[in-house]
Amino acid sequence: MNIVINIFYFFVPIILSFTISQTFNPLSDYQPLQVIDGAGLYKKQLTNGNEAYLQIIDLRKMHIDQLVGEVDNMGRGEGKYYQGEGGHYSPYFKNKVFSEVTNEYQKLYGNQVFSLINCSFFEQYQASTQLSFPIKLNGVVITGGNSPYGPIKQPQDKFYRTVRLKALVWDENKAYITNYDPVSGAPLNQKDVKNAIVSYRYSDHPANVLAKNRVNKYQVMGTLNKDGIPGDELLLIMTVNETTLDEAAELLRKLGVKGEIITVDGGRSTYLFNSQKGNIIFPQLFNSQENPIYRHLPHYLGFRQRRKTQVLPRIFVSQPVSKVLLEKNQPYLILWRDNLDADVSIKLYDGNKSIQDISSRTASDGVYEWKPQIPLKEGYFVRISSQNNRNIFGQLEVQSK
């Protein structure tokens, strides 16, 4: 009798799950555009010719890369949202055209690449720009943000004096969205947090608060638990073509997202690339004093499968927009992109002559904070090289003030 009861209780959840899946399928209104092991891209037709594109990313099988433009000016003491106003730097990151970033990403990872989107809000529409809010990249907080629309003493609008910013944190198994504390820097100040972005809850975005929920292109994100084990292993990204932020967030709610929903950079700079469909939504091109160019952006997220494919090992470094003028004992962020399995070395050169080991061995994770200990001269450059093959390297020119 006990055996029969045990079998009954074993099958009940399976039967219920099957029944529920037959009666309610939240993806039934979405057309699959590309579905792979670990990720899916879907399209939903909205009213008035509008469209929504849903990405479902399983973090147990997919990797997220933050692709950030190189730094020219560190913006020391200009950070507003990490460990207090003025408590951190707020660098100027090179704005890079979306096609260049996409091509480089595909060269690094080949058919592992699933998609790319633009991510962080940015401040200036010039060749390099500060970012609005903090970012943590592979264990390093690379900016304290510099937005006038946030919880600072004198925000651009009084609504933002007490607004609660949100942090999206992820690792190799899960993602979560939580409150962000600009005074302590939590959760970005925690050692176990390696990658995170700070942004608005969708309802706090200026387009919602100040522009009265205007219709535009937006990208919103939420997390979802699929396997019943604590921790949301799915990241859901909704990119809408022409709708409101409230409507975009509601689409995620209908898919089961119960926690916080954040928004990332959208509007005219909205970008969505898929490896099978190509550029689905790409930044609009304007070129006048009234309408700046939006196709050059400072921060992207790339999504790729973790499986290995045969690609040439590479290290990519672009020369920053302005001359990199460094001061002795002052921090500078060395940024690069690579697809190496081994560590890298970082050295300072004068022509073919090695001047100093900046780091004889460090992780090939694309970020290293360097404080020069010696005066620099015209023509010095930093070289990042593969530990396995010194002929694989990238470099940028630096000099002292």
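Out of 293, 261, I need the residue that is within 22 Å of the chain's Cα centre (by Cα) and at pLDDT 90 or above. Which one? Only one candidate passes the filter, namely 261. Consider residue 82 carefully, then state whether it is surrounded by 22 or more Cβ atoms within 10 Å (Cβ to Cβ), more than 19 Å from residue 366 (Cβ to Cβ), assigned by TED's automatic domain parsing to the domain that holds residue 283 and in contact with a His (Cβ under 9 Å, 6 or more places away or on another chain). Yes.
Within the bounds of segment 361-368, is there any residue that is of a type in the set (Val, Ile, Thr), within 19 Å of residue 92 (Cβ to Cβ) and assigned to a strand (DSSP E or B)? Yes, segment 361-368 has at least one match.
Hey, does segment 102-120 have a residue that's over 30 Å from residue 313 (Cβ atoms), surrounded by fewer than 22 Cβ atoms within 10 Å (Cβ to Cβ) and modelled with pLDDT of 95 or more? Checked against the condition, which is being over 30 Å from residue 313 (Cβ atoms), surrounded by fewer than 22 Cβ atoms within 10 Å (Cβ to Cβ) and modelled with pLDDT of 95 or more, segment 102-120 yields no hits at all. Close Cβ contacts (under 6 Å, 6 or more residues apart or on different chains) running from residues in segment 369-389 that are touching a residue at least 24 places away in the same chain (Cβ under 8 Å) to residues that are outside any strand (DSSP E or B) and β-branched (Val, Ile, Thr) comprise 386/392. Restricting segment 362-379 to residues that are modelled with pLDDT under 95 and surrounded by 15 or more Cβ atoms within 10 Å (Cβ to Cβ) leaves a set whose member that is nearest to residue 139 (Cα to Cα) is 372.
The residue of segment 316-344 that is surrounded by the most Cβ atoms within 10 Å (Cβ to Cβ), among those that are over 17 Å from residue 90 (Cα atoms) and over 25 Å from the mean Cα position of the chain (by Cα), is 323. The residue list 301, 285, 272 contains one member that is in the same structural domain as residue 195 (by TED's automatic domain parsing), aliphatic (A, V, I, L, M) and modelled with pLDDT under 95, which is 285. Comparison of 318, 354 shows that the only residue that is of a type in the set (S, T, N, Q) and touching a residue at least 24 places away in the same chain (Cβ under 8 Å) is 318.
Of the residues making up segment 98-112, one or more are among the basic types (Lys, Arg), over 17 Å from the mean Cα position of the chain (by Cα) and in the same structural domain as residue 262 (by TED's automatic domain parsing). Filtered by the rule that a residue be under 18 Å from the mean Cα position of the chain (by Cα) and of a type in the set (A, V, I, L, M, F, W, C), segment 42-68 gives 54, 56, 57, 59, 62, 64, 67, 68.
On inspection, residue 253 passes the criterion of being touching a Gly at 6+ places or on another chain (Cβ under 9 Å) and modelled with pLDDT of 95 or more. Selection of segment 345-361 for residues being of a type outside the set (Ser, Thr, Tyr) and either within 30 Å of residue 235 (Cα to Cα) or exposed (fewer than 13 other Cβ atoms within 10 Å of the Cβ) (or both) yields 351, 352, 353, 357, 361. The set of residues from segment 55-69 being farther than 16 Å from residue 37 by Cα and either surrounded by fewer than 23 Cβ atoms within 10 Å (Cβ to Cβ) or without any contact (Cβ under 8 Å) to a residue 24 or more places away in the chain (or both) comprises 65, 66. Regarding residue 311, is this residue assigned to a strand (DSSP E or B) and in contact (Cβ under 8 Å) with a residue 12 or more places away in the chain? Spelling it out, it is not the case that residue 311 is assigned to a strand (DSSP E or B) and in contact (Cβ under 8 Å) with a residue 12 or more places away in the chain. Residue count for segment 86-101 under the criterion of being in a loop (DSSP other than H, G, I, E, B) and buried (at least 19 other Cβ atoms within 10 Å of the Cβ): the result is 6.
Within segment 304-334, the residues that satisfy the criterion of being touching a strand residue (DSSP E or B) at 6+ places or on another chain (Cβ under 9 Å) and closer than 20 Å to residue 373 by Cβ are 324, 325, 326, 327, 328, 331, 332, 333, 334. Figure legend. Inter-residue proximity from segment 250-261: first residues more than 13 Å from residue 44 (Cα to Cα), second residues among the aliphatic types (A, V, I, L, M) and assigned to a helix (DSSP H, G or I), beta-carbon distance below 6 Å, spacing 6+ or different chains. Indicated pairs: 261/249; 261/252.
Yes/no matrix, rows are residues, columns are (1) at pLDDT 50 or above; (2) of a type in the set (Val, Ile, Thr); (3) touching a Pro at 6+ places or on another chain (Cβ under 7 Å); (4) not assigned by TED's automatic domain parsing to the domain that holds residue 339:
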{"residue": "1", "(1), (2), (3), (4)": "no, no, no, yes"}
{"residue": "12", "(1), (2), (3), (4)": "no, yes, no, yes"}
{"residue": "25", "(1), (2), (3), (4)": "yes, no, no, yes"}
{"residue": "51", "(1), (2), (3), (4)": "yes, no, no, yes"}
{"residue": "55", "(1), (2), (3), (4)": "yes, no, no, yes"}
{"residue": "64", "(1), (2), (3), (4)": "yes, yes, no, yes"}
{"residue": "72", "(1), (2), (3), (4)": "yes, no, yes, yes"}
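Scanning segment 87-127 for residues that are over 29 Å from residue 184 (Cβ atoms) and among the hydroxyl-bearing types (Ser, Thr, Tyr) gives 99, 102, 105, 109, 115, 125.
The values are calculated or read from the model by the stated rules, or taken from the named source; none is laboratory data. Here the structure is a predicted model, which means the values were calculated and not measured. Note that each Cβ is placed from the backbone with ideal geometry, even for glycine, and that neighbours are counted across all protein chains shown.
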